[in-house]
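Down below is the structure, laid out as structure tokens.
The values are calculated or read from the model by the stated rules, or taken from the named source; none is laboratory data. Because the structure is predicted, anything quoted here is derived from the model rather than measured. For neighbour counting, all protein chains shown are included, and Cβ atoms are generated from backbone atoms with ideal geometry for every residue, glycine included. The protein model used for the area step is the full one, side chains on, heavy atoms only, and it has no ligands, DNA or RNA in it. Shrake-Rupley method; radii C 1.70, N 1.55, O 1.52, S 1.80 Å.
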Amino acid sequence: MKRILLLLLALCPGFLGAQDSVIRSLFQDPAFQKRLAYSFAINTEIEPVIQSAELQQDYTALAQMAGSDPARAAGLLKQIVADESASAQFNTLLGNIYFQADKKKEAAAQFLIAIKKFPNFLRAHQSLAVIYLQANRPEQAKEHFTRVVELGGASGDIYGLLGAVYTQLEDWVAAETAFRNAVMLLPRQKQWKLGLVQALFAQQRFQEAANLLQPLIENHPDEEQYWTLQATAYLGQQEYLKAAGNYEILAGLGKATPEMLTTLADIYVNEDLNSLAAETYVRAYESSPGTGVETSLRAAEILMQKKALPEAHTLLSKAQSTAGDALATEDKVRLLKLEAKVAFAEDPQSVEGREKLEQVVNVYDPLDGDAFILLGQYYERTPDAEGKPQNELAMEMYKDAAEDEEMLPLANFRHAQLIQRIYPKDLSRIREAITLLKAAQSMKESDKVGDYLEDLERYAKSLGS
């Protein structure tokens, strides 16, 4: 189950990092745009007042012009705000025109001037907060969204956007509080519910996240994301069969990815449902045959560890028949060694297993130490046609394996063990074994090899005395 836990850790950051795309899609939502625009309506209690009736008329005319001819309106407004005594309303109107034209830097400058002139200017704080949020400047966004709330401008969306800010800051308790307020005020706004799920995931409160996702699933049963997130929450609770149920539903909807199917199969292995696991590994492989060889080979190794040999054989056969000659050399070698291991597990003296290993070293990789070690073990336990031991041949295999630097420690260890077993009274051969073990230790220290070396040195002394 280690891989499932690693998957959970890998999935959560990706999920948590999706906040930017959620915010981008939210700003494209017409209903959200309408609510946000309404929140920008003038409130004279927290807005600067334009004292002159003439200037008020100018402001009204320019506001109307901003909708039909924003470039001209911006030009006239720049002339007005050049006078530092001009009302902050004009700066905000010019900032809004810049904002609509995606000139965020110029817009922010005007909103800052407006706030300097009138510190309680709620609309300017709100506009500036949105700009900072979209620019991924959460500290500044937090400052201005918080000021909006203090000035009485809180709404479901403001709380939701504040939650998004706290998400960027990874302040998960504050994000949870903000999103809960948003959900309370806008219970149908699914983005804020997902934001709350994010905050709960980050705090590893998986059961609450799973419960929160349930009504979303019931109302939107075809929404892949909800099923996936709930499955991940179940994994976090170690409710593996519940997670499996979600993945099976996704598979039934035709929305399960190869990664999901592989995770589902891993769950079945963990629950000792080996036949079902093998079937699901095959489904994962078939759903992405171009990249599925690795999946099948890894799956076969897992099933072998669980002693599910028929299922492992099924997967290997599937990989062989589907990929055929298209297998890369590395995958072909790995497949042959796995097939040999399955054959040896069924019959320790399997000729088929030996032939597959010989194919590895004679055709694909003459320095494959792993294959040579497997051949050495085969010859140790398998007599020749006349029933004689093949220990010398086994030692030759271990010598060949030691040519692979990575496999040298294990090869020398096996070689030394075999020498002691067949030449227990020959001091020169025992010293040869000691030399092999010292070479293994110099390459990679191991307590197991070190202990054996000490024992063998004491034994050699007893032979020499």
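The table below gives the values:
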{"read-out": "Total charge dipole magnitude, region 320-465, about the Cα centre, Cβ charges on Lys, Arg, Asp, Glu only, Debye to nearest 20", "value": "660"}
{"read-out": "Net length gained if the chain between SER321 and LYS448 were fully extended (0.36 nm per residue, minus Cα distance)", "value": "41.6 nm"}
{"read-out": "Rg and Dmax of the chain, Cα atoms only, in Å", "value": "34.9, 118"}
{"read-out": "Over 32 Å between alpha carbons, listed pairs LYS306/LYS388; LYS78/LYS193; LYS117/LYS190; LYS104/LYS190", "value": "LYS306/LYS388; LYS78/LYS193; LYS117/LYS190"}
{"read-out": "Region 269-361 - Kirkwood radius from inverse mean 1/r over Cα pairs (Å)", "value": "13.2"}
{"read-out": "Cα pair count fraction exceeding 19 Å, expressed as % - region 228-296", "value": "26"}
{"read-out": "Interatomic Cα distance distribution for region 205-345, bins of 5 angstrom, percent", "value": "2, 11, 20, 18, 17, 11, 9, 6, 4, 2, 0"}
{"read-out": "Degrees between helix 369-381 axis and first principal axis of the chain (Cα, 0 to 90, nearest 10)", "value": "40"}
{"read-out": "Cβ crowding within 10 Å averaged over residues, with 140-151, 379-390, 357-368 ranked highest first", "value": "140-151, 357-368, 379-390"}
{"read-out": "Degrees, to the nearest 10: 53-68 long Cα axis against longest axis of the chain", "value": "40"}
{"read-out": "With every protein chain in place, region 103-195: carbon and sulfur % of accessible area (1.4 Å)", "value": "52"}
{"read-out": "Distance in nm between pseudo-label sites at ASN136 and LYS255 (7 Å out along the Cβ direction from Cα)", "value": "2.8"}
{"read-out": "Accessible area in the full protein assembly, largest first, 1.4 Å probe, for SER462, SER155", "value": "SER462, SER155"}
{"read-out": "Per residue value of the accessible surface for the chain (all protein chains in place, 1.4 Å probe), Å²", "value": "50"}
{"read-out": "Cα lying deepest toward the dipole's positive end in region 325-451, options LEU436, MET407, PRO348, charges on Cβ", "value": "LEU436"}
{"read-out": "Å³ per residue enclosed by the Cα convex hull of region 41-124", "value": "86"}
{"read-out": "Inter-site label distance for GLU392 and GLU54 at 7 Å from Cα along Cβ, in nm", "value": "11.8"}
{"read-out": "Estimated translational D of region 346-465 in µm²/s (Stokes, Kirkwood radius over Cα pairs; 4 °C; 1.567 mPa s)", "value": "87"}
{"read-out": "Gyration tensor verdict on region 310-388 (Cα atoms; rounded if a/c is under 1.5, prolate if a/b is larger than b/c, oblate otherwise)", "value": "oblate"}
{"read-out": "Charged-residue dipole, Cβ positions (Lys, Arg, Asp, Glu), the chain about Cα centre, Debye nearest 20", "value": "1300"}
{"read-out": "Mean Cβ neighbour count within 10 Å, used as a protection proxy, ranking 334-343, 271-280 highest first", "value": "334-343, 271-280"}
{"read-out": "Cα centroid separation, region 253-292 to region 175-193 (Å)", "value": "35"}
